[in-house]
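The values are calculated or read from the model by the stated rules, or taken from the named source; none is laboratory data. Computed from a prediction, not measured in an experiment: that's the story for all the values here. All Cβ positions, even for glycine, are placed from backbone atoms using ideal geometry, and neighbour counts span all protein chains on display. Accessible surface areas use protein heavy atoms only, side chains included; no ligands, DNA or RNA. Shrake-Rupley method; radii C 1.70, N 1.55, O 1.52, S 1.80 Å.
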Amino acid sequence: MGNHDVALGDWAYRMEGFESVSGRRDTYHDHWIGGYHFIFLGTERGLERFASLSETQLAWLDEKLGEDAATGKPTFVFLHQPLKNTVAGSLEHQAWFGVEEDEALRSVLLKHPQTLLFTGHTHWHLDSPHTMHRADERGPVMFNTASVAYLWNDDDAYVQGSQGYYVEIYGDRVRVRGRNFAEGSWLAAADFEVGTNLKGL
């Protein structure tokens, strides 16, 4: 798998577009909404398929996740690329993992079991095995988010469709429900519940 730098002109163009839409220069940021913490990570270098997260960003993430560790509430983290050998499409033979600092990011997340990480990039459909991955018995929990544009499967083949999640937050649990947007139906194979203490599904 190639992990070549994107041409500087293309990277600058992409960053200008990001800034014009978001009003932000940093590719990572966080927000509190309704008492819940939402953290967005982003590459800091223009790579073809991978994300590159600086030591500064990883330290910031560790600090931010530590802010709400004692609340018992889940923290929602988003990154385009998944960690290697976690969710559907990220298995080594599938070749769609993509974080240069994979081990460093994994180490931060393992310190914070309240984390729910949502990643895209692979487009693997939500009926696939490994749509949800749990790092260990305590968490964090990771979700493959499929795609609303087109899908992919374990036969390494294109699948027409549009899928994603509805995330429902309750006092004692989070329900992550797969939705087939093209057909307007729920996906029974992608219906997950995570307890807010993150000690069991």
- [ ] Show that you can apply the helix-only estimate: for the chain, add -39,500 (n - 2.57) for every DSSP H stretch of four or more residues, divide by all residues, and state [θ] at 222 nm to the nearest 500.
- [x] -6000 deg cm²/dmol
Task: Most fluctuating residue given options PHE97, PHE143, PHE181, as computed from a GNM of the chain linking Cα atoms under 10 Å - done: PHE181
Open item on the list: From the phi angles alone, apply the Karplus equation (6.51, -1.76, 1.60; θ = phi - 60°) to segment 150-160 and give each ³J(HN,Hα) in whole Hz, x where the residue is Gly or Pro.
Closed with: 7, 10, 9, 9, 5, 7, 6, 10, 5, 10, 6
TODO: Using per-residue counts of other Cβ atoms within 10 Å, averaged over each peptide, order 109-116, 58-65 from highest down.
DONE: 109-116, 58-65
TODO: Can you tell me how much longer the chain between TYR13 and GLU44 gets when fully stretched, taken as 0.36 nm per residue apart minus their C-alpha distance, in nm with one decimal?
DONE: 9.8 nm
- [ ] Quick one: pull the percent of accessible area on segment 105-201 belonging to carbon and sulfur, 1.4 Å probe, ligands and nucleic acids left out.
- [x] 48
TODO: Report P(r) for segment 62-163: all Cα-Cα distances, bin width 10 Å, range 0 to the bin holding the largest distance, values in whole percent.
DONE: 16, 48, 26, 9, 1
- [ ] Go through segment 75-84 residue by residue and turn each phi into a ³J(HN,Hα) via Karplus (6.51, -1.76, 1.60, θ = phi - 60°); whole Hz please, and just put x for glycine and proline.
- [x] 10, 9, 10, 10, 8, 4, 9, x, 6, 5
Open item on the list: Tell me whether segment 38-97 comes out rounded, prolate or oblate; compute the Cα gyration tensor, take square roots of the eigenvalues as a ≥ b ≥ c, and use a/c under 1.5 as the rounded threshold.
Closed with: oblate
- [ ] Quantify how much of the Cα-Cα distance distribution of segment 1-151 extends past 23 Å, in percent.
- [x] 37
Open item on the list: Can you work out the Karplus-derived ³J(HN,Hα) for every residue in segment 17-29? Use 6.51 cos²θ - 1.76 cosθ + 1.60 with θ = phi - 60°, whole Hz, and x for glycine or proline.
Closed with: x, 4, 5, 5, 7, 8, x, 10, 9, 7, 8, 10, 6
TODO: Could you provide, to the nearest whole Å², the per residue accessible area of the chain with probe 1.4 Å?
DONE: 51
Open item on the list: If I model a spin label at TYR166 and ALA149 as a point 7 Å from the Cα along the Cα→Cβ vector, what separation in nanometres do I get?
Closed with: 2.6
Task: At R0 = 25 Å, FRET efficiency that the Cβ-Cβ distance of GLU63 and SER20 yields, to 0.05 - done: 0.30
- [ ] Quick one: which residues, 5+ away or cross-chain, put their amide H under 5 Å from the amide H of ALA51? H built at 1.01 Å from N.
- [x] VAL99, GLU100
- [ ] Quick one: which residues, 5+ away or cross-chain, put their amide H under 5 Å from the amide H of GLY164? H built at 1.01 Å from N.
- [x] ARG179, PHE181
- [ ] Calculate how large, on average over all directions, the projected area of the Cα convex hull of segment 116-201 is; give the answer in nm² to one decimal.
- [x] 5.5
Open item on the list: Run the paramagnetic zone check for ALA189: 7 angstrom along Cα to Cβ, then residues of segment 157-171 with backbone nitrogen under 18 Å.
Closed with: 157-166
Task: Electrostatic dipole magnitude of the chain [Cβ: Lys, Arg +1; Asp, Glu -1; Cα centre; debye, to 20] - done: 540
